[in-house]
Amino acid sequence: MQKLLWAVLASLPAWLAWAQGGGELFEKNCAGCHREGSPTRAPLPGSLRQMSRQAIMESLLTGKMLVQAASLSLPEREAIADYLARKEPEATRVGRCEAGTLQDLRGWQGWSADAANNRFQNAAAAGLDAGKVGRLKLKWAFGFPGAITAYGQPSMAGGWVFVGSASGTVYALDARTGCTHWSFPASQTVRTAISVGPYGKGRYAAYFGDGRANVYAVDAQSGALLWKARVEEHPLTGITGTPRLEDGRLYVPVSAGVEEFAATNSKYACCTARGSVVALDAQTGKQIWKTYTIPDPAGPTRKSKEGVQLMGPSGVSVWSSPTVDIKHKVLYVGTGNDHSEPGTRYSDGVMALDLETGSTLWSRQLTADDRWNVACVNPNSANCPEKPGGDHDVGASPILVELQSGKRLLLVGQKSGVMSALDPDAKGEIVWQTRVGKGGDLGGIMWGAAADGEKVYVPLSDWDLSDPAMGGGLFALRIATGVKAWYTAPEKAACAGKPGCRPPQMAPTTLIPGVVFSGSMDGHLRAYDTTDGVVLWDFDTARDFETVNGVKAKGGSMSATGAVVSGGLLFLNSGYGQFGGMPGNVLLAFAAE
């Protein structure tokens, strides 16, 4: 009898969850943030319904929603996942390659085609120019199962395309046909691009990071795991920026950004996570050095209005791929805002680290006292710092350029709406600053610019919740002076009125000789003439696609990743269901007819 009683009691949470239903649980616990116009920028329910059950459960159990879901039992979380998850099965075995061998490393690997992070591909490597851009046609499409966001900028090496996904699966595809050579299941979402390099004699490895701060090396030919390393133990850290592979080492940026969302839970003791950069041996995964962006761990500060002990300092994420100065053996990283009090000296700026040891050579803070987390736009702002800033991260990779005079500059885009040029040989002294937008938590320069020898091409976000027509535009600034060479206003969104359709240009730009590509939250990829900003080509990705792998797929907004050009082909992820954008789950390949 006692055993029966315990069995009944144990089953109560499941029966209660079933009785309430996933819809009721969602409305009670989640809908306040997941709604149109929510200042928390959470994905809309329609976007969540494009996700797989597994992806939703991972978010509730170990991912971004872990803290927010802390009061829910396992059956309640399962009921919410069952309510939201897409129901149709996905035909993921379709479209397998019969055979193929990775021959070399020619292509575009990682965040940028070179270590300076200028996102420029020269004419010979691009196989594409201004004369051919107008003839670009869709060649194939590949769908990511159960996803609302096409995470992970694609990389290309030796005729293969490597790309990560929201489910954590990494794919190796044939660049010409889109067939799948192999797939590898990481522990969580893979937002980083894939870096490919030598791994012993006659072998290549593909390197990437995931949302749990794990770094992987897998055999680029077969997808077999070579090694896996955890670079940060704090549960609310992850890897957003692409690790940079250089001379046998992997330089890994670590973000504390998940904790910004955890702060919306007023019972959470905000905040203790901090950003860092970690150098690993590319052959073994062994740590060589680690440098935190906040030297000392967090300690108690004050009590919140809810009576919770708050912690700090915290934050200062490294959101983007590090920039390597090969000649001077220096690593440059952009840093994010502080999450809690007190403020720190390395936030919202650039740090220069010794490539060999990780020691800080110099730093330049561009915005001081920027203490902010998502609680600052939440109805319950208990975890918001007393004097919050504007969330003005440097989320874009610094771009290292050299002028004809021999003078070197670091070009730094910031969410404040300001583009800066720093002198890397004078401890980051500011050479010029040009404002291109008003900035804000989803404003200014989000994910990066591209530069040639003369101009830097800067996309503007300036997302405004109160006005769906606000934001967008592309600027060309002269590198030597910061003076505007031209500006092209955003196009009127053809999808106006559709949830998530807006003109901000959050995605990083991509550059080939004579042409700069820029993706928009309205779902369009546009090619601009670098001379005057005239639009040469425009493709609307916000539609359904027939895919080579049989997965139901569509395009949507473009934000965190840009186009990649190599060997006459252009690759692009479309769909960004985060922050209120239009969801999507497709990788597109284009070629000039």
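The values are calculated or read from the model by the stated rules, or taken from the named source; none is laboratory data. In this text the structure is predicted, and so the values were computed from the model without any measurement. Cβ: placed from backbone, ideal geometry, glycine included. Neighbour counts: every protein chain shown. For accessibility, only protein heavy atoms count, side chains too; no ligands or nucleic acids. Shrake-Rupley method; radii C 1.70, N 1.55, O 1.52, S 1.80 Å.
Calculated FRET efficiency, Asp425 and Glu24, Cβ-Cβ r, R0 56 Å, to nearest 0.05?
0.35
What is the calculated FRET efficiency for Asp281 to Lys303, with r their C-beta to C-beta distance and R₀ = 45 Å, to the nearest 0.05?
0.55
List the residues whose amide H sits under 5 Å from the amide H of Trp432, counting only those 5 or more places along or on another chain, with H placed 1.01 Å from N in the peptide plane.
It is Ala421, by chain and number.
Check the straight Cα-Cα distances from Lys484 and name the aspartates and glutamates below 14 Å, setting aside those fewer than 8 residues away within the same chain.
Partners within reach: Glu454, Asp532.
In deg cm²/dmol, rounded to 500, what helix-only [θ] at 222 nm does the chain give when every DSSP H run of at least 4 residues adds -39500 (n - 2.57) and the total is split over its residues?
Mean residue ellipticity at 222 nm (helix-derived): -3000 deg cm²/dmol.
Sort the following peptides by mean Cβ neighbour count (other Cβ atoms within 10 Å, averaged over residues), highest first: 173-182, 293-302, 403-412.
On the way: 173-182: 19.9, 293-302: 15.3, 403-412: 16.8.
Listed from highest to lowest mean packing, they are 173-182, 403-412, 293-302.
How many percent of the accessible area of the chain is carbon or sulfur, using a 1.4 Å probe?
For the chain, the apolar C and S fraction of the accessible surface comes to 53 percent.
Given the peptides 341-351, 134-144, arrange them by the average over their residues of other C-beta atoms within 10 Å, most packed first.
341-351, 134-144
The range 371-463: which chymotrypsin sites (Phe, Trp or Tyr not before Pro) are DSSP loop and have at most 15 other beta-carbon atoms within 10 angstrom?
Here no loop site has a sparse enough neighbourhood.
How big, in percent, is the set of alpha carbon pairs in the chain lying more than 44 Å apart?
12 percent
If you put +1 on each Lys and Arg Cβ and -1 on each Asp and Glu Cβ, how big is the dipole of the range 317-364 around its Cα centre, in Debye rounded to 20?
So the dipole magnitude of the range 317-364 works out to roughly 180 debye.
Based on the mean of other beta carbon atoms within 10 Å per residue, what is the order of 281-289, 470-478, most packed first? Display every interim value, and only then the final one.
On the way: 281-289: 15.4, 470-478: 21.8.
The densest-packed peptide leads the list: 470-478, 281-289.
Ratio of Rg to Rh for the range 420-547, alpha carbon only, Kirkwood? Could you put the intermediate results ahead of the total?
On the way: Rg = 15.3 Å, Rh = 15.3 Å.
Rounded to two decimals, Rg/Rh equals 1.00.
State which entries of Lys137/Lys201; Lys132/Lys427; Lys290/Lys415; Lys137/Lys329 exceed 31 angstrom in Cα-Cα distance in the structure shown.
Long pairs (Cα-Cα over 31 Å): Lys137/Lys201; Lys132/Lys427; Lys137/Lys329.
Given Ser155, Pro468, Gly389, which one lies farthest toward the positive end of the charge dipole of the chain, if we put +1 on the Cβ of every Lys and Arg and -1 on the Cβ of every Asp and Glu?
Of the listed residues, the answer is Ser155.
Going by Cβ distance under 4.7 Å, what cysteines of the chain have no possible disulfide partner?
That list is Cys30, Cys33.
What is the spin-label model distance, in nm, from Asp104 to Asp296 if the labels are put 7 Å beyond Cα along the C-beta direction?
Result for the modelled spin labels: 5.4 nm.
Let me know the charge dipole size of the range 194-246 about its Cα centre in debye, to the nearest 20, where only the beta-carbon of Lys, Arg (+1) and Asp, Glu (-1) is charged.
Its charge dipole is roughly 160 debye.
Residue by residue, what Karplus-based ³J(HN,Hα) values in Hz, rounded to whole numbers, does the range 523-537 have, using 6.51, -1.76 and 1.60 with θ = phi - 60° and x for Gly and Pro?
3J(HN,Hα) across the range 523-537, in whole Hz: x, 9, 9, 10, 10, 10, 6, 5, 6, 9, x, 5, 6, 9, 7.
Which whole-number value in Å² is the accessible area per residue of the chain, probe 1.4 Å? All intermediate terms of the calculation are to be shown ahead of the outcome.
Numbers: 21720 Å² over 593 residues.
I get 37 Å² per residue for this part.
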